[in-house]
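Novice: Structure provided below as structure tokens; questions to follow.
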Amino acid sequence: MSIKVIAFDADDTLWVNEPYFRRTEEEFYKLLNEFLQQHALERELLKTEIGNLKLYGYGVKGFILSMIETALTVTNNTIPAEIIGQIINLGKALLDEPIELLDGVEEVLSGLKERYHLVVATKGDLLDQERKLKKSGLSHYFHHIEIMSEKDDANYLKLVKHLDIQPDELLMIGNSLKSDIMPVLNIGGSAIHVPYHITWAHEQIEDTIDNEKFESIVSIREILEMV
């Protein structure tokens, strides 16, 4: 590899994220269990979230609005104001969750920092991602922070241009094949997939990746032996 920059996804690559969303969803379903069964609520919420991505983007704030919209839809706009207030409080609690670093993350960052420029390449709400990075205590490891509205080929190319490197000098590490791996491979970069045990349905893909610049590992610590 002629790697100069190693970029890390944030949520569920550096720290725990999706389990907090799942727990919030379970509380949301309990609030509405008298109106609709959970499996139907799950489908409706996911449909609403995906439909709202172009309006709100990714992150907790869009999630809160999608929960409220879903509640209004499934109750035909008869949901009590008290429950709307409880949904808002669920979202506020989600924004205040602690940052739990994943096992081996700080060891890997410490081991790579002197040899490569390290970058965070994530997506979501700007304020929320900045808050999480600050609370994580990891900021000092990174040369640059990139918070994208969408992690696609075009935005990774913009990142490469901003960093003044060629695509083949970028290595991306993340848990999402759809957002962290495929776009980087598409532009000619390298990518390492570190699966997380929970993945949002919208991030799941069925494709098999056959690319010499792609690796999948079990533990993030394996990266220290690969680069």
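The values are calculated or read from the model by the stated rules, or taken from the named source; none is laboratory data. Bear in mind the structure is a predicted one, so any value in this text is a computation, not a measurement. Heads up, the Cβs are rebuilt from the backbone with ideal geometry, glycines too, and the neighbour counts pull from every protein chain shown.
Novice: Considering only residues that are in contact with a Phe, Trp or Tyr (Cβ under 9 Å, 6 or more places away or on another chain) and polar (S, T, N, Q), which ones fall in segment 166-182?
Specialist: N175, S176
Novice: Turning to a different aspect of this structure: Considering each of Y20, Y58, Y29 in turn, give the residue that is of a type in the set (F, W, Y) and not in a helix (DSSP H, G or I).
Specialist: Every option except Y58 fails the conditions.
Novice: If you don't mind, another one. Please find, within segment 137-159, the residue that is surrounded by the most Cβ atoms within 10 Å (Cβ to Cβ) out of those that are assigned to a helix (DSSP H, G or I) and in contact with a strand residue (DSSP E or B) (Cβ under 6 Å, 6 or more places away or on another chain).
Specialist: Among residues in segment 137-159 that are assigned to a helix (DSSP H, G or I) and in contact with a strand residue (DSSP E or B) (Cβ under 6 Å, 6 or more places away or on another chain), the one surrounded by the most Cβ atoms within 10 Å (Cβ to Cβ) is L159.
Novice: If you take the residues of segment 160-176 that are assigned to a helix (DSSP H, G or I) and touching a Ser or Thr at 6+ places or on another chain (Cβ under 8 Å), which of them is nearest to P98 (Cα to Cα)?
Specialist: This residue is E169.
Novice: Specify which of the listed residues (L95, L177, L101) is under 16 Å from Y58 (Cα atoms) and either charged (D, E, K, R) or within 17 Å of the chain's Cα centre (by Cα) (or both).
Specialist: Being under 16 Å from Y58 (Cα atoms) and either charged (D, E, K, R) or within 17 Å of the chain's Cα centre (by Cα) (or both) holds for just one of L95, L177, L101, which is L95.
Novice: Which one of I217, I181 is surrounded by 14 or more Cβ atoms within 10 Å (Cβ to Cβ), in contact with a Gly (Cβ under 7 Å, 6 or more places away or on another chain) and β-branched (V, I, T)?
Specialist: Exactly one residue qualifies, and that residue is I181.
Novice: Which residues, counting only those in segment 63-73, are surrounded by fewer than 18 Cβ atoms within 10 Å (Cβ to Cβ) and either outside any helix (DSSP H, G or I) or touching a residue at least 24 places away in the same chain (Cβ under 8 Å) (or both)?
Specialist: The answer is T73, and nothing else.
Novice: May I pose another question? Just one of the numbered conditions (1) among the polar types (S, T, N, Q); (2) outside any helix (DSSP H, G or I); (3) in contact (Cβ under 8 Å) with a residue 40 or more places away in the chain; (4) surrounded by fewer than 18 Cβ atoms within 10 Å (Cβ to Cβ) is not true of Q86; which one?
Specialist: (2)
Novice: Also, I was wondering about something else. Every residue in segment 178-201 that is touching a strand residue (DSSP E or B) at 6+ places or on another chain (Cβ under 6 Å) and not β-branched (V, I, T), please.
Specialist: D180, L185, G189, S190, A191, H193
Novice: Say we look at segment 32-55 and pick out the residues that are in a helix (DSSP H, G or I) and acidic (D, E); which of these is farthest from K132 (Cα to Cα)?
Specialist: E44
Novice: Given the conditions (1) closer than 14 Å to A7 by Cβ; (2) under 15 Å from the mean Cα position of the chain (by Cα), which single one is not true for L112?
Specialist: (2)
Novice: Show the residue pairs meeting these rules: Cβ distance below 7 Å; 6+ apart or different chains; first residue within segment 158-177 and within 13 Å of G189 (Cα to Cα) and charged (D, E, K, R); second residue at pLDDT 95 or above and not in a helix (DSSP H, G or I).
Specialist: D168/G188; D168/G189; E169/I3; E169/K4; E169/V5
Novice: Here is a list: K54, K47, K113, K30. Which entry is surrounded by fewer than 18 Cβ atoms within 10 Å (Cβ to Cβ), basic (K, R) and in contact (Cβ under 8 Å) with a residue 24 or more places away in the chain?
Specialist: Every option except K113 fails the conditions.
Novice: Now a separate question. Return the pairs, sorted by first residue and then second, in which the second residue is acidic (D, E) and not in a loop (DSSP other than H, G, I, E, B), the first residue lies in segment 193-221 and is under 14 Å from K178 (Cβ atoms) and modelled with pLDDT of 90 or more, the beta carbons are less than 8 Å apart, and the residues are 6+ apart or on different chains.
Specialist: Taking only residues 6 or more apart or on different chains, the pairs are H193/D180; H193/E215.
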